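Take a look at the structure set out below.
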Amino acid sequence: MVNFNGNLVASEEKLFSANSSFLLNGDALIEPIRVVDNSIIYWEEHYFRLMASMRILRMQIPMNFTMEYLEEEIQRTIQALSLSKAAFTVELIVARQSAKEEDLIKSKTVYIIKAEPQETTFYTNKEGGYEVELFKDYYFNTDMLSTINTTNKIGKQVAKVFAYENNLANCLLLNFNKQVIAGIEEALFLVKDQLIKTPPISDGAPNTVIRKKLVEMLEKLEDFEVQEASISPFELQKADELFLLDTQKGITAISKYRKKEFKTTVSTNLQGKLNAQLRLASLA
């Protein structure tokens, strides 16, 4: 189900062919959101991240873009599916309607809401191998634009093709300083003894709500120390565990990188804790 500026449509094909100018220019923001039992998880954080990202891209923020209005539109989109599913992944996309240079500054901001039902209410641990490799064909920036989620994904698309051609589950991206920053679409975490590291936003790591929430949760655990610090490729094979994190799948444990095979004990345990946190958020 897709909601374009308040109009619900069943098919995406006609919608995107008619409004493709901003998508072709990569001039759109995407905010991935989890909905559980009709509750939008961490909605306030998602809303303020969206507003901050719109300001970074100098988009006009319409007067009706209130937290309450967009929440109602997300709920309306889900309800239109008429499904009994308890969980949904939602993409809230905002963009400038016009790509013409003379209209760019005053261009109207439009929104698209895409809702997709999920098979399970909470995150599940992936069964089977999950092998990754460094993607070194292209490097990624460390500026503010690299930390927000836009439709300008050409580098990541090439990385996905590389992963497919090499029978890999995912790739790890590098910035221009040759530091590891993320999976193709996910935040990266490294476990070594009692230390859990994740690349900082200043390195070009994705600045997502789910990443922020997991870091906050880790900071409260007595068994581990958490650091937002640069990760070099040399550290990967010395790690006890590596795992990825995103809104749709939660924690995904990496089983193999080159010749190194990893444990999944910590990531499995953290997935349970993350689910417990989401359950509490859905009841709030």
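Scanning the stretch 64-86 for any residue that is β-branched (Val, Ile, Thr) and closer than 30 Å to Ser202 by Cβ turns up nothing.
Of the residues making up the stretch 197-207, at least one is surrounded by 22 or more Cβ atoms within 10 Å (Cβ to Cβ) and closer than 16 Å to Gln248 by Cβ. Taking the condition charged (D, E, K, R), modelled with pLDDT of 95 or more and surrounded by fewer than 23 Cβ atoms within 10 Å (Cβ to Cβ), does Glu222 pass? No: the conditions fail for Glu222.
Taking the stretch 240-261 as the range and being surrounded by fewer than 21 Cβ atoms within 10 Å (Cβ to Cβ) and in a loop (DSSP other than H, G, I, E, B) as the test, the residues that pass are Asp240, Gln248, Lys249, Ser255, Arg258, Lys259.
The set of residues from the stretch 17-39 being at pLDDT below 65 and surrounded by 14 or more Cβ atoms within 10 Å (Cβ to Cβ) comprises Asn19, Ser21, Phe22, Leu23. Within the stretch 125-159, if we keep just the residues that are without any contact (Cβ under 8 Å) to a residue 60 or more places away in the chain and closer than 30 Å to Ser39 by Cα, the residue that is surrounded by the fewest Cβ atoms within 10 Å (Cβ to Cβ) turns out to be Glu127.
Taking the condition among the polar types (S, T, N, Q) and either assigned to a helix (DSSP H, G or I) or farther than 30 Å from Phe4 by Cα (or both), does Asn125 pass? In short, yes. Within the span defined as the stretch 204-220, every residue fails to be of a type in the set (A, V, I, L, M), more than 26 Å from Val35 (Cα to Cα) and either touching a residue at least 60 places away in the same chain (Cβ under 8 Å) or in the same structural domain as Asp143 (by TED's automatic domain parsing) (or both). Just one of the listed residues (Val161, Val215, Val132) is closer than 24 Å to Ala276 by Cα and hydrophobic (A, V, I, L, M, F, W, C), namely Val215.
The values are calculated or read from the model by the stated rules, or taken from the named source; none is laboratory data. Since this is a predicted model, take the numbers as computed values, not measurements. Every residue, glycine as well, gets a Cβ built from its backbone with ideal geometry; the counts of neighbours run over all protein chains shown.
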